[in-house]
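Undergrad: Have a look at this one before I ask anything.
The values are calculated or read from the model by the stated rules, or taken from the named source; none is laboratory data. Quantities reported herein were computed from a predicted structural model and do not represent experimental measurements. Here the Cβ positions follow ideal geometry from the backbone for every residue, glycine too, while neighbour counts run over all protein chains shown. The accessibility values were calculated without ligands, DNA or RNA, using every heavy atom of the protein model including side chains. Shrake-Rupley method; radii C 1.70, N 1.55, O 1.52, S 1.80 Å.
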Amino acid sequence: MSRFANEAAYDLWAESYPPLPHNPLMRAEQSAVLSLLPEVNGRRVLDLACGSGRYGLWLQPRGASLIVGTDLSSGMLARAPLAHRVRADMGRLPFSAASFDVIVSGLAVGHAPSLSAWMAEAARVLAPGGHLVYSDFHPAAARAGMTRSFTDAAGERHELLHAVYELDAHQAAAEQAGLVLEASREVCVGRELCEPFTGSAVFYSRWSGLPVVLALRLRKP
């Protein structure tokens, strides 16, 4: 298994990465995130670290006045079926303050070297009254030995670099950035993550009850 910089990893992964939740974990994660997402009709939305644009694609028919996808990986961004795409580091966004009413970010914050800096930058571009809804791999899953990895088109497995942030770290970063935690969801094996797949009986038996995804909704007063 190789391990290298995430930007290069995602560029490689982009070749086989569709703009939709393409495995049971991602479908369970997206369900959790969407359960927290506020009404987007008429609002400006940022799909932060959009990857191939799965959240932006879901938002398109739901009346948002603007949808912008941003990602550091040019390979992923090229696959995103979005009208507005910006290549950028999620810790240094090229947008003015209060540019968006809603920010959604799926399974990306763990790639940020500083959670507090990531949160502060999201809060900066979020308008007052706006919401930040995002997900992260659950710290309990990391402690249990799960890693973030993918298999490329050639069959080689690659591990992604990923920081582990505890729930209290998310809460502290939110408070420091002036955001209010309104709601959270956990995706647990055998509960929200229960879709059958090849080898799922062994997987569910081994990891039963383990939280694997944490999703949160924050509001900017």
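Undergrad: Does Leu59 meet the test of being open to solvent by less than 20 Å² (accessible area, probe 1.4 Å), within 16 Å of Gln30 (Cβ to Cβ), free of Cβ contacts under 8 Å to residues at least 60 places away in the same chain and part of a helix (DSSP H, G or I)?
TA: Taking the combined requirement at face value, the residue satisfies it.
Undergrad: Which residue is modelled with the highest pLDDT, if the candidates are limited to region 144-165 and must be within 20 Å of Pro113 (Cβ to Cβ) and open to solvent by 40 Å² or more (accessible area, probe 1.4 Å)?
TA: So, considering only residues that are within 20 Å of Pro113 (Cβ to Cβ) and open to solvent by 40 Å² or more (accessible area, probe 1.4 Å), the one modelled with the highest pLDDT is Val164.
Undergrad: With the requirement that a residue be more than 15 Å from Ala141 (Cα to Cα), outside any strand (DSSP E or B) and open to solvent by 50 Å² or more (accessible area, probe 1.4 Å), what does region 206-221 give you?
TA: Pro221
Undergrad: Also: Here is a list: Glu182, Glu175. Which entry is acidic (Asp, Glu), under 30 Å from Ser96 (Cβ atoms), part of a strand (DSSP E or B) and open to solvent by 50 Å² or more (accessible area, probe 1.4 Å)?
TA: Of Glu182, Glu175, the one residue that is acidic (Asp, Glu), under 30 Å from Ser96 (Cβ atoms), part of a strand (DSSP E or B) and open to solvent by 50 Å² or more (accessible area, probe 1.4 Å) is Glu182.
Undergrad: If you scan region 123-137, which residues turn out to be in contact with a helix residue (DSSP H, G or I) (Cβ under 9 Å, 6 or more places away or on another chain) and either closer than 22 Å to Val187 by Cβ or β-branched (Val, Ile, Thr) (or both)?
TA: Hits for region 123-137 are His131, Leu132, Val133, Tyr134, Ser135, Asp136, Phe137.
Undergrad: Shifting gears a bit: Under 6 Å by Cβ, and 6 or more places apart or on different chains, what pairs join a residue from region 189-210 that is under 14 Å from Glu29 (Cβ atoms) with one that is of a type in the set (Phe, Trp, Tyr) and part of a loop (DSSP other than H, G, I, E, B)?
TA: none
Undergrad: Scanning for something open to solvent by 70 Å² or more (accessible area, probe 1.4 Å), closer than 22 Å to Lys220 by Cα and either among the hydroxyl-bearing types (Ser, Thr, Tyr) or in a helix (DSSP H, G or I) (or both), does region 79-86 turn up at least one residue?
TA: Looking through region 79-86, none of the residues is open to solvent by 70 Å² or more (accessible area, probe 1.4 Å), closer than 22 Å to Lys220 by Cα and either among the hydroxyl-bearing types (Ser, Thr, Tyr) or in a helix (DSSP H, G or I) (or both).
Undergrad: Next up: Of the residues Ser74, Ser52, which is of a type outside the set (Val, Ile, Thr), free of Cβ contacts under 8 Å to residues at least 40 places away in the same chain, open to solvent by less than 70 Å² (accessible area, probe 1.4 Å) and more than 23 Å from Arg124 (Cβ to Cβ)?
TA: Ser52
Undergrad: Now, a different point. Can you tell which of Val104, Val45 is closer than 23 Å to Glu182 by Cα, without any contact (Cβ under 8 Å) to a residue 60 or more places away in the chain, of a type in the set (A, V, I, L, M) and crowded, with 23+ Cβ neighbours inside 10 Å?
TA: After ruling out the rest, the residue left standing is Val45.
Undergrad: While we're on this one: Which residues, taken from region 101-140, are at pLDDT below 95, in a helix (DSSP H, G or I) and over 14 Å from Ala169 (Cβ atoms)?
TA: Across region 101-140, the qualifying residue is only His111.
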